[in-house]
Amino acid sequence: MLYAFGFSRIAVVASDLYFVDPSPRPGQEGAEHGVRLEVRMLERPPIEGSIYAAQPIAIDRPLWRFDLLETVAGPVGSHDRTHHHPNFRAWEPGRRQFVEELSADPLRWLTAKLSDLDALLVEAGHDPADVDPADAADLRDAAPEIVDAVGRLLARVRAGELAPAPAAGELAGARVGWL
């Protein structure tokens, strides 16, 4: 399932995720599942056709990522793989960053991050002037709704409704989900 929240130049997308890293770092072995959220650039290509034509929308370049993940084999609610990627190089995320406050209360931490777009952009290596100034206020106002959607996704992952394991048997690597 994919949620998309669009503002003027910024989009926030969230999806369920099942993930097995084919080359895990020590301590990161095994399947993970949960919710991934990304802050991305939002583009509005020109309309092709009449005034009634559908508006093309491109949820484009990622700027920042939040992964609310847990090991599939571990205890529910452990947040043992919950982390974020404060920056990207093109489409590739930087290394996982584990933050104690994030693992202790991920939804509160996410709310705070989404409530300060300028600081998030600076941390990600981007100039806040590259986005519409209204996006920061609009994202801050929408943060509770976005975080609520993330919480609902996580509940459905934990209930076994979303982020299913791939049908194939033993997997060396897998990524199932929109993001």
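The numbers here are math on the coordinates, done by the rules we state, and not lab data. Note that the coordinates shown come from a computational prediction; the quantities given were computed from them, not determined experimentally. Every residue, glycine as well, gets a Cβ built from its backbone with ideal geometry; the counts of neighbours run over all protein chains shown.
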Any residue at all in the stretch 44-52 that's of a type in the set (A, V, I, L, M) and touching a residue at least 60 places away in the same chain (Cβ under 8 Å)? no
Scan the strands (runs of 3 or more DSSP E) fully inside the stretch 1-52 and keep the ones with 2 or more residues being aromatic (F, W, Y) and out of contact with any helix residue (DSSP H, G or I) (no Cβ under 8 Å at 6 or more places or on another chain). 10-20
For the stretch 21-32, does any single residue satisfy the condition of being within 24 Å of A159 (Cα to Cα) and aliphatic (A, V, I, L, M)? yes
Residue ID - surrounded by the fewest Cβ atoms within 10 Å (Cβ to Cβ), chosen from residues in the stretch 53-97 that are among the charged types (D, E, K, R) and in a loop (DSSP other than H, G, I, E, B): R95
State whether one or more residues within the stretch 160-176 are in contact with a Ser or Thr (Cβ under 6 Å, 6 or more places away or on another chain), surrounded by 12 or more Cβ atoms within 10 Å (Cβ to Cβ) and in contact (Cβ under 8 Å) with a residue 60 or more places away in the chain. no
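Without any contact (Cβ under 8 Å) to a residue 24 or more places away in the chain and of a type in the set (A, V, I, L, M): which single residue out of A119, A134, A142 fits that description?
The match here is A119.
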